[in-house]
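These notes concern the structure reproduced below.
The values are calculated or read from the model by the stated rules, or taken from the named source; none is laboratory data. Owing to the predicted nature of the structure, the values given are computational and were not obtained by experimental measurement. Cβ atoms come from the backbone with ideal geometry, glycine included; neighbour counts cover every protein chain shown. These accessible areas exclude ligands, DNA and RNA; they are computed on the full protein's heavy atoms, side chains included. Shrake-Rupley method; radii C 1.70, N 1.55, O 1.52, S 1.80 Å.
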Amino acid sequence: MGIIDNSLQEKKMPDFKPGDRVRILTKFKEGEEIRKHRFEGIVIGRRGQGTGETFTVRKVTAGCGVEHIFPTLSPTIEKMEVLKKGKVKRAKLYYLRKQK
Amino acid sequence: MIGLIGKKIGMTRIFDESGETIPVTVVYAEPNIVIQKKNKENDGYEACVMGVGEKKRPNKVYSGIFKASGVKPTKIVQEFRELPQEWEKGNQITVKVFEKITNVDVTGYSKGRGFAGGMKRYGWKGGPAAHGSKFHRRPGSIGTSKIPGHILKGRNLPGRMGNCKITIRNLKVVKIDETKNLLFLRGAIPGATNSWVVVKCK
């Protein structure tokens, strides 16, 4: 099963880890037109494997935490860039939610 | 009608162009071999016997089936009705036959659950778990008293569950991998991983 999962991955994603600051450009269809959306924040965790892998990006907008879960291999992710490498000691940075 | 014998590999997901996730079951169908073609004169009906896999130590009776066709004894032997006439004895049939097919039916043996209670087997609600209740997962009353004086036949009761033949109809063929002999079908199919299934379409 793992071999098949790997063969389904046609997309190359940049190497990123929890703690990294990333910028993601997604495209989606709204009615007829295709719109693009940018999301910038810190990766607080990756979970799953193969085509089922997802990662969570967190940012704070106007004092309110916003989290977005992306499927890693989703074709809606048009572009992804790592702005800054993080230095963390945990795989899941859920403690960021409690920090003010 | 087209049919193949395959093996359930497992489930995963793939994405379509718009980013929607499609849950798929992967079926590995190595080239099936046509062992025998039954016809009206000899057998009384028309059918096509297909085989797949390698039988390691076939006994004499088992090998006899394959003698006439000159095919090596296969692990699985399955008879299909109304397969295409042009499939001849000894032919190898690959997943390519499903190339232009959109929907298929999959038959397999469901996972055995052993001796299961009524709640699991028939979806009964059961009783309250707490608050002094003494009625949790039991069947309860199974019939009336004097009239009719016996339990009606076909009454749902605990018993062996699963491990029976199940057909799931109209599964969408999402993708075909000819080099690896894989079929990607939308949704779940009966049976455990590595169990044999029959994929058919009209």
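Between B:LYS202, B:LYS180, B:LYS153, B:LYS172, the distinction of being open to solvent by 60 Å² or more (accessible area, probe 1.4 Å) and closer than 21 Å to B:THR74 by Cβ belongs to B:LYS180 only.
From the list A:ARG21, A:ARG38, A:ARG46, the lone residue that is more than 14 Å from every other protein chain (Cβ to nearest Cβ) and under 27 Å from B:MET11 (Cβ atoms) is A:ARG46.
Suppose the filter is more than 12 Å from the chain's Cα centre (by Cα), open to solvent by less than 60 Å² (accessible area, probe 1.4 Å) and of a type in the set (A, V, I, L, M, F, W, C); does A:VAL88 pass it? Write out each step before concluding.
On the way: more than 12 Å from the chain's Cα centre (by Cα): yes; open to solvent by less than 60 Å² (accessible area, probe 1.4 Å): yes; of a type in the set (A, V, I, L, M, F, W, C): yes.
Taking the combined requirement at face value, the residue satisfies it.
Just one of the numbered conditions (1) hydroxyl-bearing (Ser, Thr, Tyr); (2) farther than 30 Å from B:ASP16 by Cβ; (3) in the same structural domain as B:GLY3 (by TED's automatic domain parsing) is not true of B:THR102: (2). Looking at the structure I just gave you, is A:ILE77 more than 14 Å from chain B (Cβ to nearest Cβ) and within 14 Å of the chain's Cα centre (by Cα)? For A:ILE77, the condition - more than 14 Å from chain B (Cβ to nearest Cβ) and within 14 Å of the chain's Cα centre (by Cα) - is not met. Number of residues in segment B:38-71 that are open to solvent by less than 40 Å² (accessible area, probe 1.4 Å) and in a loop (DSSP other than H, G, I, E, B): the value is 3.
Of all residues in segment A:49-74, exactly one satisfies the criterion of being among the polar types (S, T, N, Q), buried (at least 18 other Cβ atoms within 10 Å of the Cβ) and away from every other protein chain (no Cβ under 14 Å), namely A:THR56.
No other residue among B:GLU79, B:GLU86 is out of contact with any Ser or Thr (no Cβ under 8 Å at 6 or more places or on another chain), in a strand (DSSP E or B), surrounded by fewer than 17 Cβ atoms within 10 Å (Cβ to Cβ) and not hydroxyl-bearing (Ser, Thr, Tyr) apart from B:GLU79.
Within segment B:136-151, is even one residue in contact (Cβ under 8 Å) with a residue 40 or more places away in the chain, among the small types (Gly, Ala, Ser) and not in a strand (DSSP E or B)?
no
Residues to consider are B:LYS180, B:LYS146, B:LYS153, B:LYS172; find the one that is closer than 21 Å to B:MET1 by Cβ and among the basic types (Lys, Arg). Being closer than 21 Å to B:MET1 by Cβ and among the basic types (Lys, Arg) holds for just one of B:LYS180, B:LYS146, B:LYS153, B:LYS172, which is B:LYS172. In segment B:5-15, the residue that is surrounded by the most Cβ atoms within 10 Å (Cβ to Cβ) out of those that are among the basic types (Lys, Arg) and more than 7 Å from chain A (Cβ to nearest Cβ) is B:LYS8.
Residues of segment B:16-32 being crowded, with 21+ Cβ neighbours inside 10 Å and either at the interface with another protein chain (Cβ under 9 Å from one of its Cβ atoms) or β-branched (Val, Ile, Thr) (or both), which ones? Answer for segment B:16-32, where residues must be crowded, with 21+ Cβ neighbours inside 10 Å and either at the interface with another protein chain (Cβ under 9 Å from one of its Cβ atoms) or β-branched (Val, Ile, Thr) (or both): B:VAL24, B:THR25, B:VAL26, B:VAL27.
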